[in-house]
Amino acid sequence: MLTAAEITAMQDTQKAALPDTCTIKQRTFTADTVGERTEGEITRATNVACRLGPYRAPSEGVVAEQLAGHEAFVLTLAAGQVIEVTDRVIIGSDSYEVVGIESAGAWETARRVIVARRR
């Protein structure tokens, strides 16, 4: 069984291996006067430490369908970083849609997110 101190040490090690920063945008919806929904976004977080790496998509399933026609990556963030599957991530001049979030439970040392960029 890992202690809280050991998990914290692992989280600190993971944070030290996040060389880039990103902005996380949260999708919002507002209703106009005739009941139509207008989509927008607000900034959830800025200067978030991150690392972008390659992702091997499964050949079938929901994630594979969402990635069709897109270039996929794994975005690694600090443990506990708030991010949702409806969010968009900006790294430099590139924009990525969040496709999935891996759950690590109580021993999470980093938050891993599957993101897609249009080709």
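Residues in the range 5-39 that are within 21 Å of THR76 (Cα to Cα), among the hydrophobic types (A, V, I, L, M, F, W, C) and open to solvent by 80 Å² or more (accessible area, probe 1.4 Å): 1 in all. Scanning the range 78-90 for residues that are open to solvent by 30 Å² or more (accessible area, probe 1.4 Å) and assigned to a strand (DSSP E or B) yields ARG88, ILE90.
Filtered by the rule that a residue be surrounded by 13 or more Cβ atoms within 10 Å (Cβ to Cβ), modelled with pLDDT under 80 and among the charged types (D, E, K, R), the range 40-61 gives no residues.
The residue of the range 62-77 that is modelled with the highest pLDDT, among those that are open to solvent by less than 60 Å² (accessible area, probe 1.4 Å) and over 14 Å from GLU102 (Cβ atoms), is HIS70. Sub-8 Å Cβ pairs linking a first residue in the range 21-50 that is in contact (Cβ under 8 Å) with a residue 60 or more places away in the chain and closer than 20 Å to VAL82 by Cβ to a second residue that is of a type in the set (Asp, Glu) and surrounded by 12 or more Cβ atoms within 10 Å (Cβ to Cβ), at least 6 apart or interchain, are ILE24/ASP87; LYS25/GLU41; LYS25/ASP87; GLN26/GLU41; GLN26/GLU84; GLN26/ASP87; ARG27/GLU41; ARG27/ASP87, ordered by first then second residue.
Looking at the range 103-119, which of its residues are open to solvent by less than 70 Å² (accessible area, probe 1.4 Å) and in contact with a strand residue (DSSP E or B) (Cβ under 7 Å, 6 or more places away or on another chain)? Once the filter is applied, which keeps residues that are open to solvent by less than 70 Å² (accessible area, probe 1.4 Å) and in contact with a strand residue (DSSP E or B) (Cβ under 7 Å, 6 or more places away or on another chain), the range 103-119 yields ALA110, ARG111, VAL113, ILE114, VAL115, ALA116, ARG117.
The values are calculated or read from the model by the stated rules, or taken from the named source; none is laboratory data. As the structure is a computational prediction, the values presented were derived from the model and not from experiment. Reconstructed Cβ throughout: ideal geometry from the backbone, glycine too, with neighbour counts over all protein chains shown. All accessible areas refer to the heavy atoms of the entire protein, side chains included, with ligands and DNA or RNA removed. Shrake-Rupley method; radii C 1.70, N 1.55, O 1.52, S 1.80 Å.
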